[in-house]
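The values are calculated or read from the model by the stated rules, or taken from the named source; none is laboratory data. Computed from a predicted structure; not experimentally measured. Every residue, glycine as well, gets a Cβ built from its backbone with ideal geometry; the counts of neighbours run over all protein chains shown. Just the protein is used for accessible areas: all its heavy atoms, side chains included, with ligands, DNA and RNA removed. Shrake-Rupley method; radii C 1.70, N 1.55, O 1.52, S 1.80 Å.
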Amino acid sequence: MKQVISVNTYKKLGLSFVLVGALGVSANAICMTENYCTDFYIGAGGYYEKIAGQGANVENVGGLFSIGGADIFFNRVQFGLDAKFGYGSNSVSGNSLSTLSKDNRLFQIDGVAKLGVNVAGVNSPLFINFLLGYDMAKTNGGVGRDFMIIGAGFDGKIALSEKMKLIYSAGYGYVFNGAYSFGKSYADINEKSHVIMFSLGTQAKVSEHVSLYFKGFGKYYNLNASNTANNVSMPKSNGWQAGLEAGIAF
């Protein structure tokens, strides 16, 4: 019972900061003052991920809706959030997961709040960020996860021409509170689990305040073994995620 309460508590906290952050980012495409501007985007895409350990394989595939942005002060400090909401299918296999449903529905939330400082120029900024993330995958009978992540990273833009920019980001996260879900049961993950995140793409200006963007994104997971719940556990695992996304940026 204590384990379930713990998972539910940080699950609610993680969902709260994702939703509040997404609503709090301004959609205004102009600088409100000389020292305050906003950066906002919405997009859609698809992704595939696989996490595997000895006797356990988990595959997720789906489509996603993406929303995010940042409030930027004095062209030097940003507070922002990037959130992805995915829906698709979850497949499990392997002796360790033989009691679970093999094919399942999947709902995912991936949110990262960031606080950063620009160490480069205004036209080609490079923000060094503190990161707080929430990585959740919910299934109706397979293997899901609830990870709270803390770490650091960077994101920026490089002007390639008057209308074209290269956009990029990367970061490292430590899973400071996490669990797998096996159907309706939860099992805490052991310490020393890590996530590496990255993205790379282009942004093309189509009007004064509107751009189109296209990017690839991914993650690498190095995850410790979980505890056991209802005779099911996830071994020490490695995994990766890859996806494509396109949308409108302001």
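Taken together, the residues in the stretch 170-187 that are open to solvent by 40 Å² or more (accessible area, probe 1.4 Å) and at pLDDT 95 or above amount to 4.
If you go through the stretch 151-169 and pick out every residue that is assigned to a strand (DSSP E or B) and open to solvent by 30 Å² or more (accessible area, probe 1.4 Å), you end up with 10. Anything in the stretch 203-224 that is within 26 Å of Ala152 (Cβ to Cβ) and either open to solvent by 60 Å² or more (accessible area, probe 1.4 Å) or touching a Pro at 6+ places or on another chain (Cβ under 7 Å) (or both)? List them, or say none. Matches in the stretch 203-224: Tyr220 only. A residue that is under 30 Å from Val210 (Cα atoms) and of a type in the set (Gly, Ala, Ser) cannot be found anywhere in the stretch 134-143. Within the stretch 72-128, being buried (at least 16 other Cβ atoms within 10 Å of the Cβ) and aromatic (Phe, Trp, Tyr) holds for Phe79, Phe85, Phe107, Phe127. Checking the stretch 190-202 against the condition returns a match, with at least one residue being modelled with pLDDT of 95 or more, part of a loop (DSSP other than H, G, I, E, B), surrounded by 18 or more Cβ atoms within 10 Å (Cβ to Cβ) and in contact with a Leu (Cβ under 7 Å, 6 or more places away or on another chain). Annotation: of all residues in the stretch 230-250 being open to solvent by less than 10 Å² (accessible area, probe 1.4 Å) and farther than 30 Å from Ser207 by Cβ, the one that is nearest to the chain's Cα centre (by Cα) is Gly239.
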